[in-house]
Amino acid sequence: MYTRHRDAQGKPKYTNRLIHAASPYLWQHAHNPVDWYEWGEEALERARREDKPILVSIGYAACHWCHVMAHESFDDEATAAIQNALFVNIKVDREERPDLDSLYMAAVQAMTGQGGWPLNVFCLPDGTPFFGGTYFPPDEKAARYRASSWKQVLERVAEVYRTRRDELAASGTDLVNHIKRLASAGAADGATLPGGDTLLHGAVAALSRQFDPQAGGFGDAPRFPQANVLEALLRAHLRGAPAALPMLELTLHKMARGGIYDQLGGGFHRYSVDARWLVPHFEKMLYDNALLARVYLEAFQVTGRPLYRQVAVETLAYMVRDLRHPEGGFYSSEDADSLPYPGAPHAEEGAFYVWTPDEVREHLGEDAALFCHLYDISRTGNFEGRNILNLPREPAEVARVTGASLERLEWVAREGRERLFAARARRPRPFRDEKIITSWNGMALRAFAEAAIPLTSDEYLEIARTCADFLLTRLRRDDGRLLRSWRDGRGGPLAFLEDYALLIDGLLALHAADGHPRWLAESFALADDMVDLFWDDAIAGFYDTARDHEALVVRPRDVGDNATPSGNSVAAEVLLRLAALRGRDDYRQRAEAVIAGQAGMLARFPAGFGRLLCAADLAAAPVKEVVIAGAPQAEDTRALLDVALGTYRPHIVVARTRPGDDDPAALTPLLAERGAIGGAATAYVCAGFVCQLPVQTPEALAEQLR
């Protein structure tokens, strides 16, 4: 970890309270001269006692601009002296405390119309926000950014706090009341569940107005992958929206060939700063890769295109190779910045990933020219004088221009990638945040579980099993309560709504693929806990924090789907699936209330509600319950599973029963008296627990599911 302040022996000159934190992001600030606190009563009590405003600074370990502001301002002694004299300073890892991030992000967005990280919010001693923003430059950069410098902001805020306290308190109260109204908005009286065809066709029409017909994607740069929206396009395609699949395919194709995708090691970077998917912010997040691996897999199931399968497989391989804990969980992220060479004085953005023609020639020899032509590597470069590997031209065009055969081109590309990947492995690696987050691991769990059957991979199934076991043991207290995060044996705060919902989501996928009753039983138990802890009848929806969570100025509730799906969206979808599996009308009613409460927003702003669109699609669909009974490794069982799970079927739920399972009907009445007939694998297709005749061949099952 870089710090500019060291003594003669090279040891850090400053060490603050964050040295004891579990979060790697907080550790990154442990040697700032700023007198940082973690969020907690100690800091809040000091603010009250000394009557000082609070600075809440929020970021995450892989955030490039968080590092920039830390280096420029938080590591500067003069700036730190101002902060220490005028404020009680609190550092927050947004990944560990999404409740605080949601609350203060909503405040800054209400005040400024935009948000992002680093997020810097000034609060009254009780935590009420009254001013904030994102990145603030130091003095020497302020004019370039046409903004106040961070020092100026600190001094002005402190002055206003001293001289105009009543005004700050009044505006802070108004802001908090505004956030409370947003958080507590539930289903309006008379709100109805939107029709699936109407809703998704309308969403496609709205998205088409934001669509880039040249590069794919939606809106202006910077351009994000928006995995939740891409999944909603697949649902719309199944409902006959003609524009949905072309928009999806162009976006998937351009992303896969762009610099946002790691052409050597697989996996996606966070987003592209341009509209062509060329120059990424180089951090890699577990959630992006888990969600995008699923989207590419589902697109492969729908279209059969080999590129989508390749990207899904390479992305899953990246997650296993570079993000997996030895015991089965998945780490959070890899940084954008790394040292350009061993012993370099400071890290640089993208240093691990970029190349010069000379470096390529060193490793590829006479094949370098053809490889450079294919992967857009030039003397001028496409990123600060160096090159991000991308594929701007189709191989057939490159073959025509260079005179090389397609076979020769494919060999050079494959061999070149392998050699450069091996060479890159010897470079200093980006920092890895080894915090394990329940909700993000739930996404990874589902990705591997759902890939196991269509890609015929027992390895993926075992990865999913070990991930599930890790989460259900390491990220759980003795009393059964889930934890948000874990690192090196230290548990983080209690879990939030999204943690419960996404873990259930992954466990349901694992039960379908694996057949073990444990995963289904855990899903049912966690769902009951989720409803008990987070549901509120007054808003006909879920809050993000549990009813026994510490009191904040607002109880957070985020219903929009962003880079990750919201807890409300996933909770609605898993309750619909569980309602079909358990026959629980109360689950369906809660799910429908969540969807109906956002019906107007779904219609007007589909890009912000991709996962909730998927939940609405499921709510409006004739869901089929599929029971597959049979020995897990038997060929006839696998053949039936391939029909049910090998094809993209978002409107079915699958329950499994195996020979020797103890009383399957105790789990759910759906499994009562539905075993393997005559010892052969048997499938039962049901709707509302009323089943068709059992079938034992893949062809018969396919016909019943058609």
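The values are calculated or read from the model by the stated rules, or taken from the named source; none is laboratory data. The shown structure was predicted, so the numbers you read here are calculated from the model rather than taken from an experiment. Glycine also receives a Cβ, built like all others from the backbone with ideal geometry; neighbour counts cover every protein chain displayed.
The table that follows gives values for the structure above.
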{"item": "So E249, is it under 22 Å from G608 (Cβ atoms), modelled with pLDDT of 95 or more and charged (D, E, K, R)", "result": "no"}
{"item": "Residue, nearest to L503 (Cα to Cα), within segment 524-553, restricted to residues that are among the β-branched types (V, I, T) and over 25 Å from the mean Cα position of the chain (by Cα)", "result": "I539"}
{"item": "Segment 112-167 - residue that is loosely packed, with under 15 Cβ neighbours inside 10 Å and among the β-branched types (V, I, T) and, of those, nearest to W65 (Cα to Cα)", "result": "T112"}
{"item": "Matching residues in segment 311-369 - criterion: being in contact with a His (Cβ under 7 Å, 6 or more places away or on another chain) and assigned to a loop (DSSP other than H, G, I, E, B)", "result": "Y331, A336"}
{"item": "Top-ranked residue in segment 110-123 [being part of a loop (DSSP other than H, G, I, E, B) and touching a Gly at 6+ places or on another chain (Cβ under 6 Å); ranked as farthest from L55 (Cα to Cα)]", "result": "W117"}
{"item": "Residue match in segment 547-562 (condition: out of contact with any Leu (no Cβ under 6 Å at 6 or more places or on another chain), buried (at least 24 other Cβ atoms within 10 Å of the Cβ) and within 28 Å of T668 (Cα to Cα))", "result": "no"}
{"item": "Test for I628: is it touching a strand residue (DSSP E or B) at 6+ places or on another chain (Cβ under 7 Å) and among the hydrophobic types (A, V, I, L, M, F, W, C)", "result": "yes"}
{"item": "Some residue of segment 471-488 being part of a helix (DSSP H, G or I) and without any contact (Cβ under 8 Å) to a residue 40 or more places away in the chain", "result": "yes"}
{"item": "Enumeration of residues in segment 133-144 that are in contact with a Phe, Trp or Tyr (Cβ under 6 Å, 6 or more places away or on another chain) and under 24 Å from V553 (Cβ atoms)", "result": "F136"}
{"item": "Number of positions in segment 318-340 that are small (G, A, S), touching a strand residue (DSSP E or B) at 6+ places or on another chain (Cβ under 9 Å) and at pLDDT 95 or above", "result": "3"}
{"item": "Scan of segment 60-91 for residues that are crowded, with 24+ Cβ neighbours inside 10 Å, among the aliphatic types (A, V, I, L, M) and outside any loop (DSSP other than H, G, I, E, B), ordered by number", "result": "V88"}
{"item": "Selection within segment 262-282 - over 16 Å from the mean Cα position of the chain (by Cα) and touching a residue at least 60 places away in the same chain (Cβ under 8 Å)", "result": "D262, Q263, L264, G265, A275, R276, W277, L278, V279, P280"}
{"item": "Test: residue in segment 646-665 that is surrounded by fewer than 22 Cβ atoms within 10 Å (Cβ to Cβ), of a type in the set (S, T, Y) and outside any helix (DSSP H, G or I)", "result": "yes"}
{"item": "Positions within segment 197-232 being buried (at least 24 other Cβ atoms within 10 Å of the Cβ) and of a type in the set (F, W, Y), in sequence order", "result": "none"}
{"item": "Selection within segment 662-688 - charged (D, E, K, R) and either closer than 13 Å to L581 by Cβ or touching a Ser or Thr at 6+ places or on another chain (Cβ under 9 Å) (or both)", "result": "R674"}
